[in-house]
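S.K.: One structure follows; several queries about it will come next.
The values are calculated or read from the model by the stated rules, or taken from the named source; none is laboratory data. This is a predicted model, so every value here is computed, not measured. Using ideal geometry, Cβ is built from the backbone for each residue, glycine included, and neighbour counts are taken over all protein chains shown. These area figures cover heavy atoms from the full protein model, side chains too; ligands, DNA and RNA do not enter into them. Shrake-Rupley method; radii C 1.70, N 1.55, O 1.52, S 1.80 Å.
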Amino acid sequence: MRALAICDGEHYAPVVRDALAALPYEVVALWLAGGSEKLRGGEDYGVPLEAAIADLEPEVVVDLSDEPVLGPRARFRVASRVLALGLPYVGPDFRFDPPPLAPFPRPSLSIVGTGKRVGKTAVTGHVARLLALDRNVVVVAMGRGGPPEPEVAEVQPTLELLLELSREGRHAASDYLETAALAGVVTIGCRRCGGGLAGAPGETNVPAGAALAAERGPELVIFDGSGAAIPPVETDARVLVTSTRQAREVVTGYLNAYRILVSDLVIVTGALDEELVEAIREVKELAVVSVELRPRPIAPVLGRRVAYFTTAPADAHAAIERYLCEELGAEVVLVSGNLARRDALREDLARAGEAEVYLVEIKAAAIDVVAEAALERGVEVVFADNELVPVGVLDLDSELIRLADQAIAREAVAR
């Protein structure tokens with residue numbers, strides 16, 4: 001197997017030479033990562049990393065460097081660069097492989113996240129609604145509560161249907177049901193269990209869901225990831241979703257740098273953070289669009305006494321309440337951020353006695369706890385989406401349409 005090796009100037013050249021000879025690979029080149037302490041002068045070795053990979057076509061990259069030249073943060077950045085080029089990255093006690101991605105025959109986009117609760121599902125809904133205005137679009141959604149076999153939601157699920165699914169022991173707030181209910185496009189639900197550092201799911205039925213999507217012959221398929229897990233499908237473009245609520249070193253560090261490098265557009269949810277935007281662009285020069293998330297009830301709440309149930313953190317509740325009151329004309333009696341914490345959620349429901357409407361995101365315990373309580377008390381349930389409001393200079397919809405048009409054009413040329 002052909003290998004490109006990595007080492008540094010903190011190692012004597014003879015030590016490096018002997019270590020390379022002992023490797024169980026055919027070493028075709030070496031990248032000198034930096035350092036000069038043990039370089040006497042006159043040593044002439046080392047090639048540029050990306051150029052050597054492109055020219056020499058190694059099958060693996062072997063890292064024989066160490067700190068202080070490549071400490072943990074720098075080494076994860078190198079690992080991200082190598083994985084983004086499609087190669088395994090191995091060292092004395094580690095190995096990272098790029099997530100396997102199966103070919104897909106239709107024009108496609110994938111939407112992935114840098115973690116959970118970054119607003120990815122809201123982005124998927126927005127993308128699906130926008131691109132379905134003049135295209136035949138299908139969404140394939142991967143979730144930790146998805147069905148055992150891929151399931152097609154061809155019509156928007158109603159509250160009654162979701163309650164029925166919940167009473168059967170199903171996860172009635174799975175991402176695919178949320179997208180189908182709020183975006184109004186055909187959505188195929190899939191599941192996954194586990195996720196690697198670079199985003200490969202442990203077990204998933206997405207390949208079967210992708211086959212179902214392809215059989216329908218849509219103009220465009222949108223693959224929705226799960227948390228930081230990436231759908232195991234090779235798509236024409238990739239949109240990465242992150243949040244200002246994540247630490248900057250998490251958004252751009254570890255193997256999230258890999259996610260940035262293999263993406264074509266980054267959407268940052270939360271208040272505008274120019275330093276975060278710049279940090280993302282230091283990893284890769286690409287379009288970064290900042291958006292805020294605002295609740296969008298699917299039915300009017302003007303003049304209604306509303307209890308709002310969300311997964312948003314506590315420090316966002318005041319702004320949410322202000323928006324519901326001032327912009328939508330609701331009388332807010334409660335904002336609960338405990339949809340993912342059932343015991344605390346039940347306590348919040350006990351304090352929502354004056355509400356005549358439960359406004360709820362389709363997440364976590366929305367159906368089995370909130371909707372069931374509403375039915376028992378005779379309270380109306382209104383589902384809430386999260387609207388994307390751009391706060392930067394780039395136009396989000398133009399960027400998304402550009403990616404979709406390029407994907408469709410690429411498929412037309414291939415034919």
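S.K.: Could you give me the residue pairs with C-beta distances under 6 Å whose first residue belongs to region 25-40 and is more than 10 Å from residue 13 (Cβ to Cβ) and among the aliphatic types (A, V, I, L, M), whose second residue is open to solvent by 50 Å² or more (accessible area, probe 1.4 Å) and in a strand (DSSP E or B) wherever it lies, and which are 6+ apart or on separate chains?
M.R.: Pairs that qualify, where the first residue is more than 10 Å from residue 13 (Cβ to Cβ) and among the aliphatic types (A, V, I, L, M) and the partner is open to solvent by 50 Å² or more (accessible area, probe 1.4 Å) and in a strand (DSSP E or B), are 28/2.
S.K.: OK, next. Residue 97 - would you say it is in contact (Cβ under 8 Å) with a residue 12 or more places away in the chain, closer than 27 Å to residue 253 by Cβ and of a type outside the set (A, V, I, L, M, F, W, C)? Steps first, please.
M.R.: On the way: in contact (Cβ under 8 Å) with a residue 12 or more places away in the chain: yes; closer than 27 Å to residue 253 by Cβ: yes; of a type outside the set (A, V, I, L, M, F, W, C): yes.
Answer is yes for this residue.
S.K.: Only residues that are in a strand (DSSP E or B), closer than 19 Å to residue 174 by Cβ and touching a residue at least 60 places away in the same chain (Cβ under 8 Å): list them for region 202-232, please. Outline the logic, then answer.
M.R.: First, pick out the residues of region 202-232 that are in a strand (DSSP E or B): 202-204, 220-224, 226, 229.
Right, trim to closer than 19 Å to residue 174 by Cβ and you get 202-204, 221-224, 226, 229.
Matches in region 202-232: 204, 221, 222, 223, 224, 226, 229.
S.K.: Moving to a separate point now. Any residue at all in region 354-363 that's of a type in the set (Gly, Ala, Ser) and either farther than 17 Å from residue 172 by Cβ or open to solvent by 60 Å² or more (accessible area, probe 1.4 Å) (or both)? Talk me through it step by step, then tell me what you get.
M.R.: As a first pass, look at region 354-363 and keep what is of a type in the set (Gly, Ala, Ser): 355.
After this cut, where a residue has to be either farther than 17 Å from residue 172 by Cβ or open to solvent by 60 Å² or more (accessible area, probe 1.4 Å) (or both) as well, the list is 355.
Looking through region 354-363, at least one residue is of a type in the set (Gly, Ala, Ser) and either farther than 17 Å from residue 172 by Cβ or open to solvent by 60 Å² or more (accessible area, probe 1.4 Å) (or both).
S.K.: Moving on to the next point. Determine if region 347-355 includes at least one residue that is under 27 Å from residue 243 (Cα atoms) and either in contact with a Cys (Cβ under 9 Å, 6 or more places away or on another chain) or at pLDDT 95 or above (or both).
M.R.: Keep residues of region 347-355 that are under 27 Å from residue 243 (Cα atoms), which gives 348.
Add one more test, that the residue is either in contact with a Cys (Cβ under 9 Å, 6 or more places away or on another chain) or at pLDDT 95 or above (or both), and what stays is 348.
There is at least one residue in region 347-355 that is under 27 Å from residue 243 (Cα atoms) and either in contact with a Cys (Cβ under 9 Å, 6 or more places away or on another chain) or at pLDDT 95 or above (or both).
S.K.: Let me ask you something else. Look at region 75-108 and say how many of its residues are in contact with a strand residue (DSSP E or B) (Cβ under 8 Å, 6 or more places away or on another chain), of a type outside the set (Ser, Thr, Tyr) and not in a loop (DSSP other than H, G, I, E, B).
M.R.: 10
S.K.: Further question: Can you go through 410, 402 and tell me which one is surrounded by fewer than 19 Cβ atoms within 10 Å (Cβ to Cβ) and either touching a residue at least 40 places away in the same chain (Cβ under 8 Å) or in a strand (DSSP E or B) (or both)?
M.R.: Going through 410, 402 in turn, the sole match is 410.
S.K.: Tell me which of these residue 302 doesn't satisfy, since it passes every other one: (1) crowded, with 20+ Cβ neighbours inside 10 Å; (2) assigned to a loop (DSSP other than H, G, I, E, B).
M.R.: Going through the list (1) crowded, with 20+ Cβ neighbours inside 10 Å; (2) assigned to a loop (DSSP other than H, G, I, E, B), residue 302 breaks only (1).
S.K.: Next up: Looking for something within 27 Å of residue 383 (Cα to Cα), out of contact with any Leu (no Cβ under 6 Å at 6 or more places or on another chain), open to solvent by 50 Å² or more (accessible area, probe 1.4 Å) and not in a helix (DSSP H, G or I) - is there at least one such residue anywhere in region 170-183?
M.R.: First, pick out the residues of region 170-183 that are within 27 Å of residue 383 (Cα to Cα): 170-183.
Those still in the list that are out of contact with any Leu (no Cβ under 6 Å at 6 or more places or on another chain) too: 170-171, 173-183.
If we keep only those that are open to solvent by 50 Å² or more (accessible area, probe 1.4 Å) as well, we get 170-171.
From what's left, not in a helix (DSSP H, G or I): 170-171.
Yes, region 170-183 contains at least one residue that is within 27 Å of residue 383 (Cα to Cα), out of contact with any Leu (no Cβ under 6 Å at 6 or more places or on another chain), open to solvent by 50 Å² or more (accessible area, probe 1.4 Å) and not in a helix (DSSP H, G or I).
S.K.: Collect the residues in region 342-353 that are free of Cβ contacts under 8 Å to residues at least 12 places away in the same chain and either open to solvent by 50 Å² or more (accessible area, probe 1.4 Å) or in a loop (DSSP other than H, G, I, E, B) (or both), keeping them in residue-number order.
M.R.: Here is the first cut: in region 342-353, the residues free of Cβ contacts under 8 Å to residues at least 12 places away in the same chain are 343-344, 347, 350, 353.
343, 347, 350, 353, listed by residue number.
S.K.: In this structure, does residue 88 turn out to be under 30 Å from residue 174 (Cα atoms), modelled with pLDDT of 95 or more and open to solvent by 10 Å² or more (accessible area, probe 1.4 Å)? Show your work before the answer.
M.R.: Working: under 30 Å from residue 174 (Cα atoms): no; modelled with pLDDT of 95 or more: yes; open to solvent by 10 Å² or more (accessible area, probe 1.4 Å): yes.
Criteria not met by residue 88.
S.K.: I've got another one for you. Taking region 271-291 as the region of interest, how many residues are without any contact (Cβ under 8 Å) to a residue 40 or more places away in the chain, part of a loop (DSSP other than H, G, I, E, B) and in contact with a Ser or Thr (Cβ under 9 Å, 6 or more places away or on another chain)?
M.R.: Result for region 271-291: 3.
S.K.: While we're looking at this one, here's another question. Kindly provide the set of residues from region 322-334 that are farther than 15 Å from residue 386 by Cβ and not small (Gly, Ala, Ser), ordered by number.
M.R.: So the first thing to find is which residues in region 322-334 are farther than 15 Å from residue 386 by Cβ, and the list is 322, 325-326, 329-334.
Passing the criteria: 322, 325, 326, 331, 332, 333, 334.
S.K.: Within region 149-161, take every residue that is within 13 Å of residue 367 (Cα to Cα) and either acidic (Asp, Glu) or within 25 Å of the chain's Cα centre (by Cα) (or both) and give me the one that is surrounded by the most Cβ atoms within 10 Å (Cβ to Cβ). Quick ask: steps written out before the conclusion?
M.R.: First, pick out the residues of region 149-161 that are within 13 Å of residue 367 (Cα to Cα): 157-161.
This time we only want the ones that are either acidic (Asp, Glu) or within 25 Å of the chain's Cα centre (by Cα) (or both), so: 157, 160.
Working: 157: 20, 160: 10.
That would be 157.
S.K.: Residues that are on the phi > 0 side of the Ramachandran plot, in contact with a helix residue (DSSP H, G or I) (Cβ under 7 Å, 6 or more places away or on another chain) and of a type outside the set (A, V, I, L, M): does region 211-229 have at least one? Before the answer, list the steps.
M.R.: Initially, region 211-229 is screened for residues on the phi > 0 side of the Ramachandran plot, giving 217, 227.
Cutting the leftovers down to in contact with a helix residue (DSSP H, G or I) (Cβ under 7 Å, 6 or more places away or on another chain) gives us none.
No: zero hits.
S.K.: With 64, 83 as the choices, which residue is touching a residue at least 12 places away in the same chain (Cβ under 8 Å), open to solvent by 40 Å² or more (accessible area, probe 1.4 Å) and among the aliphatic types (A, V, I, L, M)? It would help to see each step written out before you state the result.
M.R.: Values: 83 fails: open to solvent by 40 Å² or more (accessible area, probe 1.4 Å).
Exactly one of 64, 83 is touching a residue at least 12 places away in the same chain (Cβ under 8 Å), open to solvent by 40 Å² or more (accessible area, probe 1.4 Å) and among the aliphatic types (A, V, I, L, M), namely 64.
S.K.: Name every residue in region 36-66 that is out of contact with any helix residue (DSSP H, G or I) (no Cβ under 8 Å at 6 or more places or on another chain), part of a loop (DSSP other than H, G, I, E, B) and among the acidic types (Asp, Glu), in order of residue number.
M.R.: Of everything in region 36-66, those that are out of contact with any helix residue (DSSP H, G or I) (no Cβ under 8 Å at 6 or more places or on another chain), part of a loop (DSSP other than H, G, I, E, B) and among the acidic types (Asp, Glu) turn out to be 37, 44, 57, 59, 66.
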